[in-house]
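First comes the structure, then the notes that go with it.
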């Protein structure tokens, strides 16, 4: 019998173990082994998600948190923190520029590919205004994110999601476009993207959203493992 695949999920709080929401949501790395097993693929999945991190920190901890495990496959999902503006601290620019974000993604992909690992890039999930604290902060700092438009919170994230797609094309690695799928879900009659996000949070996927991400990812992995 073939050895199970070693998969590492590298990301931020949308990947990390949910020890903060009070709901103990099973995030997509928790769900992935079962989803793959249903298709006859054995895998152990290591969760290298850390809350409040960007691709900058991912580069810094790549050796320790990913390469040390000699993974067969690495899933990378960042963008929400990279594109976020700390307006409450008086800042008016994202944590990382788009150039810096793309450069970091390229570094991660190229380093892991050189190790012989397969890499899958995922766009960040779309968001919606929900947290009253963030709404108030950006209301007090006009010109950054539009709090009247329910998609205003994604003004920058849309662009960073496009960057993930561009890097995936450049580096010729598989892409799971979570951002687009969440938006498409919300555009269907009788559905709302809020169905996929934590209530009162609007940023992190809820249990339903995490299951959707897992299904998309498992299908992508199964497609190239069997090819």
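The values are calculated or read from the model by the stated rules, or taken from the named source; none is laboratory data. Every value quoted in this text rests on a predicted model; they were computed, and no experiment measured them. Virtual Cβ from ideal backbone geometry, glycine too; neighbours counted across all protein chains shown.
Tabulated results
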{"item": "Selection status of residue 36, under 19 Å from residue 220 (Cβ atoms), over 17 Å from the mean Cα position of the chain (by Cα) and assigned to a helix (DSSP H, G or I)", "result": "yes"}
{"item": "Some residue of the range 198-205 being in a loop (DSSP other than H, G, I, E, B) and exposed (fewer than 14 other Cβ atoms within 10 Å of the Cβ)", "result": "yes"}
{"item": "Within the range 178-196, tally of residues that are touching a helix residue (DSSP H, G or I) at 6+ places or on another chain (Cβ under 9 Å) and either buried (at least 18 other Cβ atoms within 10 Å of the Cβ) or part of a helix (DSSP H, G or I) (or both)", "result": "13"}
{"item": "Meets criteria (assigned to a helix (DSSP H, G or I), under 17 Å from the mean Cα position of the chain (by Cα), more than 30 Å from residue 147 (Cβ to Cβ) and in contact (Cβ under 8 Å) with a residue 12 or more places away in the chain) for residue 29", "result": "yes"}
{"item": "Meets criteria (without any contact (Cβ under 8 Å) to a residue 60 or more places away in the chain, within 29 Å of residue 212 (Cβ to Cβ) and out of contact with any helix residue (DSSP H, G or I) (no Cβ under 7 Å at 6 or more places or on another chain)) for residue 119", "result": "no"}
{"item": "Enumeration of residues in the range 77-109 that are out of contact with any helix residue (DSSP H, G or I) (no Cβ under 6 Å at 6 or more places or on another chain) and not in a helix (DSSP H, G or I)", "result": "77, 84, 85, 86, 90, 91, 92, 93, 97"}
{"item": "Answer from 217, 159, 145 - the residue that is touching a helix residue (DSSP H, G or I) at 6+ places or on another chain (Cβ under 8 Å), closer than 22 Å to residue 13 by Cβ, in contact (Cβ under 8 Å) with a residue 12 or more places away in the chain and not in a helix (DSSP H, G or I)", "result": "145"}
{"item": "Pairs where the first residue, in the range 42-66, is at positive phi and outside any loop (DSSP other than H, G, I, E, B) and the second is modelled with pLDDT of 95 or more and crowded, with 21+ Cβ neighbours inside 10 Å, C-beta under 6 Å, 6+ apart", "result": "none"}
{"item": "Residue in the range 125-141 that is more than 19 Å from residue 15 (Cα to Cα), under 20 Å from the mean Cα position of the chain (by Cα) and surrounded by fewer than 18 Cβ atoms within 10 Å (Cβ to Cβ) present", "result": "yes"}
{"item": "Leading residue by the ranking (farthest from residue 77 (Cα to Cα)) among those in the range 2-26 that are touching a residue at least 40 places away in the same chain (Cβ under 8 Å) and surrounded by fewer than 18 Cβ atoms within 10 Å (Cβ to Cβ)", "result": "2"}
{"item": "The range 21-40, subset in contact with a helix residue (DSSP H, G or I) (Cβ under 7 Å, 6 or more places away or on another chain) and modelled with pLDDT of 95 or more, residue nearest to residue 131 (Cα to Cα)", "result": "25"}
{"item": "Counted residues, the range 162-177 - those being touching a residue at least 60 places away in the same chain (Cβ under 8 Å), assigned to a loop (DSSP other than H, G, I, E, B) and out of contact with any strand residue (DSSP E or B) (no Cβ under 8 Å at 6 or more places or on another chain)", "result": "0"}
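Listed here are the residues, each with its yes/no results for (1) within 26 Å of residue 31 (Cβ to Cβ); (2) under 15 Å from the mean Cα position of the chain (by Cα).
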site: 155; (1), (2): no, no
site: 161; (1), (2): yes, yes
site: 167; (1), (2): yes, yes
site: 173; (1), (2): yes, no
site: 189; (1), (2): no, no
